[in-house]
1. Given the conditions (1) more than 27 Å from residue 183 (Cβ to Cβ); (2) touching a helix residue (DSSP H, G or I) at 6+ places or on another chain (Cβ under 8 Å); (3) surrounded by 20 or more Cβ atoms within 10 Å (Cβ to Cβ), which single one is not true for residue 102?
2. Filter the range 165-195 for residues that are under 22 Å from the mean Cα position of the chain (by Cα), surrounded by 13 or more Cβ atoms within 10 Å (Cβ to Cβ) and not hydrophobic (A, V, I, L, M, F, W, C) and give the result.
3. In the range 115-148, which residues are under 22 Å from residue 196 (Cβ atoms) and outside any loop (DSSP other than H, G, I, E, B)?
4. Checking the condition out of contact with any Cys (no Cβ under 8 Å at 6 or more places or on another chain), modelled with pLDDT under 90 and surrounded by fewer than 18 Cβ atoms within 10 Å (Cβ to Cβ), which residue from 137, 132 passes?
5. Considering each residue of the range 149-190, count those that are under 14 Å from residue 79 (Cβ atoms) and part of a strand (DSSP E or B), and give that number.
6. Could you identify the single residue in 62, 75 that is in a loop (DSSP other than H, G, I, E, B) and either modelled with pLDDT of 90 or more or of a type in the set (Asp, Glu) (or both)?
Amino acid sequence: MNHINHRGFTLIELMTALLILALLALMSHRGLATVLDTRDHARQETEKWQRVSAFLERFERDIMLASPRPVRTADSSAPPWRGKPAGVAGNGPQIEFSRFASTDNMDVARRLGYHLNNQGQVELWIWPALDVSPESVPVRYAVLSNVARFEVDYLGAILNWEDTWPAAGINVAIPKAIRLRLVLASGEDIVRIYALSS
């Protein structure tokens, strides 16, 4: 009579197999979490740079249409371009300028401004027309968030950079060029220089 040996797994073998499966599951979970975190970070970075790019395109389009026309108000006039250093308190935006209508007739001639508010947002200020009535109030739109610094310098007629426009002793309506410095809250420092038709 043949004896068949029916041998099963021992408890130690089962525990070892379960331990190996648990370790594999843990490594898979950590790998998947890393992949998902990397994907989320890449998506956030992509969205951030898309917003920055859209802002820079809008800003460039506006300043390239800058007009040398002063603004008439009820009791005085304002220069075609007015700029003050970053952090200077007072009424009005950090930069303010007259702008021609766009060539595609999508926008009319008007007065625009840009300003960094206390919430770290660059605001676009839009007046309803070039000439400002006493009750005229600009509409403000936040066009870029998470900004730590927004600085603009102006190139004068003798090719020196000024942080205020019109600068003392300069009798030019629009600067020859502007230098924009944008520091994001995440630390990136972006500098762009735009030559203007003054």
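The values are calculated or read from the model by the stated rules, or taken from the named source; none is laboratory data. Given the structure is predicted, the values throughout are model-derived calculations rather than measurements. As a convention, Cβ positions derive from the backbone with ideal geometry for all residues, glycine included, and neighbour counts pool all protein chains shown.
1. Status for residue 102: all satisfied but (3).
2. 179, 181, 194
3. Correct list: 115, 116, 122, 123, 124, 125, 126, 143, 144.
4. 137
5. 3
6. On the way: 62 fails: in a loop (DSSP other than H, G, I, E, B).
The unique qualifying residue is 75.
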